[in-house]
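The values are calculated or read from the model by the stated rules, or taken from the named source; none is laboratory data. From a predicted model like this one, the values you see are computed outputs, not experimental measurements. Cβ sites come from the backbone with ideal geometry, for glycine too, and all protein chains shown count toward neighbours.
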């Protein structure tokens with residue numbers, strides 16, 4: 001269960017697995033966006049980092065005010081669903097290679113050597129990963145490496161706000177079900193899964209401080225830097241970028257326009273920071289559709 005919680009934390013921002021990534025804000029604090037609804041209520045969007053060191057420096061006044069005003073907190077997915085017997089069985093079925101199929105057989109000698117070195121840096125062994133599906137190995141590698149760098153899934157912004165929202169009696173909503181999020185990885189073609197795995201391994205070896213760079217850009221509200229890191233990190237895996245970022249952003253923007261803008265609730269939407277950066281972000285899609293969004 002501990003590993004599954006870690007995987008769920010990263011799956012919500014899968015771009016972080018390869019490297020992640022927000023025009024720069026005027027203040028040195030995480031960026032925040034607001035939509036003023038015609039009836040006087042609001043929609044606030046805040047970028048989460050799902051893996052953080054201990055501490056809560058991200059609790060800015062703007063976020064605190066948005067939380068207080070929110071009737072509904074909207075997150076990517078209900079991580080708690082992964083604890084059900086049904087989901088554990090489903091994950092077990094789709095995380096292991098078929099008998100006789102191993103990463104050793106699927107990877108070139110050069111890519112296997114790269115993955116072996118990255119696994120060592122993440123405190124793993126290649127042999128322990130050899131029977132895993134490439135997508136699952138990629139997530140395990142990325143989360144394990146982040147943990148060795150002092151980042152903790154339990155310290156993520158979304159997890160903290162979800163817990164507080166429940167305690168305060170706020171409604172909690174999700175854009176996706178846990179299975180839908182897993183299926184985005186499971187349904188990737190084999191070649192995309194392998195590219196995702198190798199790309200993540202290379203990032204660990206070639207840019208070992210990339211996650212720290214992300215945290216720094218996010219903490220100072222540098223949307224452009226997050227977008228740059230995101231694009232660089234996923235250039236080698238366009239299928240992953242489309243499935244995990246562009247397609248999801250389009251679905252979420254549609255939900256916001258179709259439902260959230262038309263009722264009387266105030267919303268606080270907390271999703272991975274990478275979903276709010278760049279030309280294909282939720283913010284850009286809303287603005288392209290004619291929605292007035294205040295913020296960078």
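Tabulated results
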| quantity | calculated |
| --- | --- |
| Test: residue in region 167-175 that is under 23 Å from residue 73 (Cβ atoms), modelled with pLDDT of 95 or more and under 16 Å from the mean Cα position of the chain (by Cα) | yes |
| Selection within region 191-219 - surrounded by fewer than 21 Cβ atoms within 10 Å (Cβ to Cβ) and in contact with a strand residue (DSSP E or B) (Cβ under 9 Å, 6 or more places away or on another chain) | 215 |
| Selection count where residues are assigned to a loop (DSSP other than H, G, I, E, B) and surrounded by 13 or more Cβ atoms within 10 Å (Cβ to Cβ), scope region 102-112 | 2 |
| Single unsatisfied condition, residue 188 versus (1) part of a helix (DSSP H, G or I); (2) more than 16 Å from the chain's Cα centre (by Cα); (3) crowded, with 17+ Cβ neighbours inside 10 Å | (1) |
| Region 256-286, subset out of contact with any strand residue (DSSP E or B) (no Cβ under 8 Å at 6 or more places or on another chain) and surrounded by 15 or more Cβ atoms within 10 Å (Cβ to Cβ), residue farthest from residue 195 (Cα to Cα) | 257 |
| Single condition residue 172 does not satisfy, out of (1) in a helix (DSSP H, G or I); (2) in contact with a helix residue (DSSP H, G or I) (Cβ under 9 Å, 6 or more places away or on another chain) | (1) |
| Yes/no for residue 45 being in contact with a strand residue (DSSP E or B) (Cβ under 8 Å, 6 or more places away or on another chain) and not in a helix (DSSP H, G or I) | yes |
| Residues of region 68-99 classified as surrounded by 13 or more Cβ atoms within 10 Å (Cβ to Cβ) and part of a helix (DSSP H, G or I), total | 11 |
| Residue pairs meeting the criteria (Cβ under 8 Å; at least 6 apart or on separate chains; first at positive phi and assigned to a loop (DSSP other than H, G, I, E, B), in region 135-155; second surrounded by fewer than 22 Cβ atoms within 10 Å (Cβ to Cβ) and modelled with pLDDT under 90) | 150/53 |
| Candidates 103, 115, 139 - the one that is in contact with a strand residue (DSSP E or B) (Cβ under 8 Å, 6 or more places away or on another chain) and closer than 26 Å to residue 207 by Cβ | 103 |
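To keep it simple, each residue is scored yes or no on (1) at pLDDT 85 or above; (2) buried (at least 21 other Cβ atoms within 10 Å of the Cβ); (3) in a helix (DSSP H, G or I).
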{"position": "226", "(1), (2), (3)": "yes, yes, yes"}
{"position": "229", "(1), (2), (3)": "no, yes, yes"}
{"position": "240", "(1), (2), (3)": "no, yes, yes"}
{"position": "243", "(1), (2), (3)": "yes, no, yes"}
{"position": "249", "(1), (2), (3)": "yes, yes, yes"}
{"position": "254", "(1), (2), (3)": "yes, no, yes"}
